[in-house]
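Trainee: Below are the structure tokens for one structure; questions will follow.
A short reminder: the numbers here are calculations on the coordinates, not readings from a lab. Here the structure is a predicted model, which is why all the values come from computation and not from measurement. Cβ placement follows ideal geometry from the backbone for every residue including glycine, while neighbour counts extend to all protein chains displayed.
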Amino acid sequence: MNAELAIAQQQDFGPALSRGRALQLLVRLLKEGGIDSAQTDGRVLLCAALGIDHASLIRDGGLPLGSAAAKVVSFAARRLRREPVSRIIGHREFWQARFKITEGVLDPRPETEILVEAVLGHAARFPRESWRILDLGTGSGAILCSLLQGLPESSGVGVDISPAACMVARSNLAALGLRQRGFIVCADWTKALRGRFDVIVSNPPYIASGAIAELEPEVRDHDPRLALDGGDDGLAAYREIIPSLPAFLAPGGLAALELGTGQDRFAGKLLEETLGVPAEVKLDLQGHRRVVLACQKPVTN
């Protein structure tokens with residue numbers, strides 16, 4: 001509580017402080033603490049503490065903080081300790097929905113939306129009556145849920161080795177009304193699976209073990225190591241997942257995997273060798289080679 005008390009005393013975050021003034025002080029405090037996204041973070045944290053939206057904050061900026069003052073101080077202290085905003089407020093906006101986030105799951109990143117976009121683009125070009133989806137390492141279930149929402153006639157399975165992650169994924173499926181079409185399996189990759197799928201996706205752990213200590217504290221100290229650690233060279237998950245694809249990918253089915261920096265050559269080559277078809281790479285908004293995908297050959301008569 002020492003950090004919270006220091007903030008309260010320094011900035012006078014009391015119940016009588018107006019919402020508008022609190023936002024100014026909160027943003028300044030975060031900037032002084034080295035938070036690059038101070039403006040956005042301050043607004044989101046203040047709105048979450050008050051239980052209001054941004055429009056209400058603008059409209060009612062003169063109202064006092066009231067009983068929310070203590071929560072504002074707590075949120076500020078946690079952010080200054082480099083806890084991500086999504087973990088402080090308990091959810092993350094991803095694609096077109098809000099997902100519950102806990103300490104047991106990877107915080108979904110905006111760049112992962114490229115994976116969802118690539119799959120939905122493929123589905124638009126090659127329509128089917130229904131899609132069977134497999135999400136390996138589902139975590140919060142953000143990818144699986146987003147695809148189920150984008151493909152209304154689809155069904156899917158999410159797999160994760162972490163019981164805590166499976167619980168969160170099931171919760172997100174239920175919250176989005178997708179429990180009848182989505183099923184979560186707690187298992188080690190494909191080891192507990194049977195059957196074939198039209199789409200297999202994965203955002204696997206791809207950080208080299210020795211590089212985890214160099215990550216930003218928001219990632220290093222708050223994302224589960226299990227969801228980050230890709231082995232000595234960061235490629236262990238691809239070596240596990242890609243060779244298993246022929247046994248689970250339906251004829252003409254799509255495999256799409258998220259990539260770490262510089263991993264497209266290895267993953268792309270292994271995917272091509274395994275499926276016997278060319279692989280394609282999609283760039284994210286920063287120009288990084290973010291997703292590799294390839295289609296299984298269809299059965300020909």
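Trainee: Note the full-extension length gain between HIS54 and THR102 as 0.36 nm times their separation in residues minus their Cα-Cα distance, in nm to one decimal.
Mentor: Once the chain is fully extended between HIS54 and THR102, it gains 14.9 nm.
Trainee: Right, something else. What order do you get for CYS47, CYS145 when you list them from fewest to most C-beta neighbours inside 10 Å?
Mentor: Lowest to highest Cβ neighbour count: CYS47, CYS145.
Trainee: Mind jotting down the distance between the C-alpha centroids of the stretch 238-300 and the stretch 62-107, whole Å?
Mentor: 35 Å
Trainee: Right, next: May I ask for the percentage of alpha-carbon pairs in the chain that lie more than 26 Å from each other?
Mentor: Cα-Cα pairs of the chain separated by over 26 Å account for 50 percent.
Trainee: Same structure again: Starting from the Cα of ALA174, step 7 Å toward the Cβ, then list every residue of the stretch 109-140 with an amide N under 20 Å from that point.
Mentor: In the stretch 109-140, the label zone of ALA174 (backbone N under 20 Å from the point 7 Å along Cα→Cβ) covers 138-140.
Trainee: Please list, in order along the stretch 257-268, the HN-Hα scalar couplings obtained from phi with the Karplus expression 6.51 cos²θ - 1.76 cosθ + 1.60 (θ = phi - 60°), rounded to whole Hz, x for Gly and Pro.
Mentor: Rounded to whole hertz, the list is 10, 6, 10, x, 4, x, 9, 5, 5, 5, 5, x.
Trainee: Further question on the same structure: Determine which lysines satisfy two conditions relative to LYS282: a Cα distance under 27 Å, and not lying fewer than 8 residues away in the same chain.
Mentor: The reachable lysines, counting only those whose Cα sits under 27 Å from LYS282, are LYS269, LYS297.
Trainee: OK, next. Could you check the spin-label model distance between THR40 and GLU129? Points 7 Å from the Cα along Cα→Cβ, value in nm.
Mentor: With each label placed 7 Å out from Cα toward Cβ, I get 4.3 nm.
Trainee: Ordered by residue, what ³J(HN,Hα) values in Hz, to whole numbers, does the stretch 26-36 give under the Karplus form 6.51 cos²θ - 1.76 cosθ + 1.60, where θ = phi - 60° and Gly and Pro are x?
Mentor: These are the phi-based 3J(HN,Hα) values: 5, 4, 4, 4, 5, 4, 5, x, x, 8, 5 Hz.
Trainee: Given the options LYS71, LYS100, LYS282, state which has the largest fluctuation in a GNM of the chain using a 10 Å cut-off (strictly under) for Cα springs.
Mentor: Judging by the Gaussian network model, the answer is LYS71.
Trainee: Can you sort ARG128, ARG43 by how many other beta carbons sit within 10 Å, fewest first?
Mentor: Result, fewest neighbours first: ARG128, ARG43.
Trainee: When the chain is treated as a GNM, springs tying every alpha-carbon pair under 10 Å, which of GLY253, GLY268, GLY34 comes out with the largest mean-square fluctuation?
Mentor: Among GLY253, GLY268, GLY34, the largest GNM mean-square fluctuation belongs to GLY34.
Trainee: So what's the net charge close to ARG170: Lys and Arg +1, Asp and Glu -1, counting the other residues with Cβ under 15 Å from its Cβ?
Mentor: Residues close to ARG170 contribute a combined charge of +1.
Trainee: Please list, or write none, the aspartates and glutamates whose alpha carbon is within less than 14 Å of the alpha carbon of LYS31, excluding same-chain residues fewer than 8 places away.
Mentor: Output for LYS31: ASP41.
Trainee: Rank by packing, highest mean first: peptides 189-201, 255-267, with packing defined as the count of other Cβ atoms within 10 Å averaged across residues.
Mentor: 255-267, 189-201
Trainee: List ARG59, ARG92, ARG79 from most exposed to least, where exposure is judged by having the fewest other Cβ atoms within 10 Å.
Mentor: ARG59, ARG92, ARG79
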